[in-house]
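Working notes for the structure below.
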Amino acid sequence: MSHDVHPVDQRLPTGQLAALGLQHVLVMYAGAVAVPLIVGRALKLSPEQVAALISADLFCCGIVTLIQSLGVTQWFGIRLPVMMGVTFASVTPMVAMAGNTPGVAGAQLIFGAIIGAGIVSIALAPVVSRMLRFFPPVVTGTIIAVIGISLMRIGINWIFGNPFGPTAPSIVNPDHARWLAEVGSMANAAVAPAAGASAPLASVVPALPKGLSLVGSVPNPKYAPLAGIGVAAVVLVAILLIAKFAKGFVSNISVLLGIIVGGVVASLLGMMSFDKVAKANWFELVLPFQFGMPVFDPVLILTMTMVMIVVMIESTGMFLALGEMTERKVDQAALARGLRTDGLGTLIGGIFNTFPYTSFSQNVGLVGVTGVRSRFVCVAGGLILVVLGLLPKMAALVESLPTVVLGGAGLVMFGMVAATGIRILAAVDFKTNRHNLFIVAVTIGMGMIPLIAPNFKQWMPHGLHPLIESGILLASLSAVLLNLYFNGAGADDSAAVQAAKLSQAH
């Protein structure tokens, strides 16, 4: 009887589910906690309030993952191995809202906009799902390849450090900073000269222009330290060795074992601190409306709804990628259930003081690496996230892992997503239909724009920014429109899900 069960619906032994679920959680954890950290700081909330945001986020990640993977009624849940997390597409508008209205009042506006957008998204999901016929293999293959390439930036930054902030490649020369401070004090003296001064200094040192700052010119020791690169390399080598020589279940948790090896090495090198673990509470309930009742502003709801439409188009690509990896057909009804859950997750997020939710692309790569297609693995991951949300001490322990440890695993997983896209494209007809070459060529170029030139939009209207700052969205629009231009839109929906049937050979 078990032979009749599709791999997606297989229930693995509890121990295996726990280990595989933890592997998914570790992969998504850094991304999951990043948004509440960014928005909490932008709102100028207290450290205790930011911690509450993180706990609420992990709790809701778990709840929405359970809904998406298990399925709830005929309306919600795509029933594929999907991990849900806060979408980064929502960060820019939320930070803008926080800048205009900081504090608890700003949080109430943000959560009101999220709840409103969640309700609208639930209503819009069936409309977006009807676009499935615009996603034939040439479109899905290209989008999935761009998703993998875009994610590579995250994995590489995990290893070396972010190009901005404390880990930027260069820092300001301390001597230059000291000189500028001295000149600044002389300029201030020129505005208000000391009593008895022979002559005002204004003619010698003019006032410093507003916003003047120095550019980093000294290599930053926190960027790409050799110890960090070494730890990431250890993780990568461990994963590759386990994948080649281990069998069965041990091979399937190669990423988890690689991360554990990296964590041990990092701890021995003194790169892990357990201070936050010691200070964190053992248990804390996540309650709705902890920042007071949300405020519903129609303009902010419209802004967040636009973000959710972007998220749903991105999710369509993710779901089709998972359909290909798991060999489970993603039809219009399944897509509608998945997208409706994006909206429901966002509604739940607004109620529980957290943010808009989407399927996490990082975890799609993990399905490709392990070959484990059971959705119950992500159900286990969802349960672990709920526990982490209720047990701050456990959450702090996972958070203490250095990002360099995740970086080595990221190269494997994100590359696997790109490889899936290439595998789909391998079955596309490029010989008799040369137009497909144009679709792939231009779409990859469009998807690279935000990666290579992130400031390309600086002179464009700010209202457009959320719609064009995602390379995945630009690639999706480009591929769909070019396919319509060159190949037209097939009336038969079945042609749109061929990506889940092509390239069966692994």
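The values are calculated or read from the model by the stated rules, or taken from the named source; none is laboratory data. Since the model is a prediction, treat every value here as computed from it, not as a measurement. Reconstructed Cβ throughout: ideal geometry from the backbone, glycine too, with neighbour counts over all protein chains shown. Areas reflect the complete protein model, heavy atoms only, side chains present, ligands, DNA and RNA absent. Shrake-Rupley method; radii C 1.70, N 1.55, O 1.52, S 1.80 Å.
Taking into account only those residues within segment 405-439 that are over 23 Å from the mean Cα position of the chain (by Cα) and crowded, with 21+ Cβ neighbours inside 10 Å, which is nearest to Leu256 (Cα to Cα)?
The extreme case among them is Arg423.
Say whether the condition of being under 15 Å from the mean Cα position of the chain (by Cα), of a type in the set (Val, Ile, Thr), crowded, with 24+ Cβ neighbours inside 10 Å and assigned to a helix (DSSP H, G or I) is met by at least one residue in segment 357-377.
Looking for residues that are under 15 Å from the mean Cα position of the chain (by Cα), of a type in the set (Val, Ile, Thr), crowded, with 24+ Cβ neighbours inside 10 Å and assigned to a helix (DSSP H, G or I), one finds at least one in segment 357-377, hence yes.
Of the conditions (1) surrounded by fewer than 21 Cβ atoms within 10 Å (Cβ to Cβ); (2) assigned to a loop (DSSP other than H, G, I, E, B), Val442 clears all except one; give me its number.
(2)
Could we say that Leu37 is part of a helix (DSSP H, G or I), modelled with pLDDT under 90 and crowded, with 24+ Cβ neighbours inside 10 Å here?
So Leu37 does not fit the description; no.
Given the condition over 22 Å from the mean Cα position of the chain (by Cα) and not in a helix (DSSP H, G or I), answer yes or no: does some residue in segment 16-26 qualify?
Scanning segment 16-26 turns up no residue that is over 22 Å from the mean Cα position of the chain (by Cα) and not in a helix (DSSP H, G or I).
Quick check on my filter: what residues within segment 431-446 are in contact with a Leu (Cβ under 7 Å, 6 or more places away or on another chain) and at pLDDT below 90?
None - no residue of segment 431-446 is in contact with a Leu (Cβ under 7 Å, 6 or more places away or on another chain) and at pLDDT below 90, so the list stays empty.
State all residues of segment 262-271 that are part of a loop (DSSP other than H, G, I, E, B) and either surrounded by 14 or more Cβ atoms within 10 Å (Cβ to Cβ) or within 26 Å of the chain's Cα centre (by Cα) (or both); if no residue qualifies, say none.
Result: Met271, single match.
Of all residues in segment 111-133, which are among the small types (Gly, Ala, Ser) and crowded, with 22+ Cβ neighbours inside 10 Å?
Residues satisfying the conditions are Ala113, Gly116, Ala117, Gly118, Ser121, Ala125, Ser129.
Can Ala145 be described as of a type in the set (Gly, Ala, Ser), modelled with pLDDT under 85 and surrounded by 13 or more Cβ atoms within 10 Å (Cβ to Cβ)?
no
Among the residues of segment 221-256, which ones are part of a loop (DSSP other than H, G, I, E, B) and under 26 Å from the mean Cα position of the chain (by Cα)?
Lys222, Tyr223, Ala224, Pro225, Ile253
How many residues does segment 449-481 hold that are at pLDDT 90 or above and open to solvent by less than 40 Å² (accessible area, probe 1.4 Å)?
Number satisfying all stated conditions: 2.
Out of the residues in segment 77-88 meeting the condition of being buried (at least 22 other Cβ atoms within 10 Å of the Cβ) and among the hydrophobic types (A, V, I, L, M, F, W, C), tell me which one is modelled with the lowest pLDDT.
Result: Val86.
Conditions (1) open to solvent by 10 Å² or more (accessible area, probe 1.4 Å); (2) more than 21 Å from Leu390 (Cα to Cα); (3) assigned to a helix (DSSP H, G or I); (4) touching a Lys or Arg at 6+ places or on another chain (Cβ under 8 Å), marked per residue:
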| site | (1), (2), (3), (4) |
| --- | --- |
| Arg11 | yes, yes, no, no |
| Gln49 | yes, no, yes, no |
| Ser55 | yes, no, yes, no |
| Cys61 | no, no, yes, no |
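Among what's in segment 272-296 and is small (Gly, Ala, Ser) and over 25 Å from the mean Cα position of the chain (by Cα), pick the residue that is surrounded by the most Cβ atoms within 10 Å (Cβ to Cβ).
Selected residue: Ala280.
If you check Ile259 against the conditions, is it assigned to a helix (DSSP H, G or I) and closer than 25 Å to Leu477 by Cα?
no
Can you name the condition, by its number, that Gly323 falls short on among (1) of a type outside the set (Val, Ile, Thr); (2) touching a Lys or Arg at 6+ places or on another chain (Cβ under 7 Å); (3) over 30 Å from Ile144 (Cα atoms); (4) open to solvent by less than 10 Å² (accessible area, probe 1.4 Å)?
Gly323 satisfies every listed condition except (3).
Consider Gln108 carefully, then state whether it is open to solvent by 10 Å² or more (accessible area, probe 1.4 Å) and in a loop (DSSP other than H, G, I, E, B).
Here the answer is no, as Gln108 does not meet what is asked.
For Met186, are the conditions met, namely being aliphatic (A, V, I, L, M), surrounded by fewer than 18 Cβ atoms within 10 Å (Cβ to Cβ), touching a residue at least 12 places away in the same chain (Cβ under 8 Å) and within 25 Å of Ile439 (Cα to Cα)?
no
So for segment 104-113 (the condition being of a type in the set (Phe, Trp, Tyr) and modelled with pLDDT of 90 or more), does at least one residue qualify?
yes
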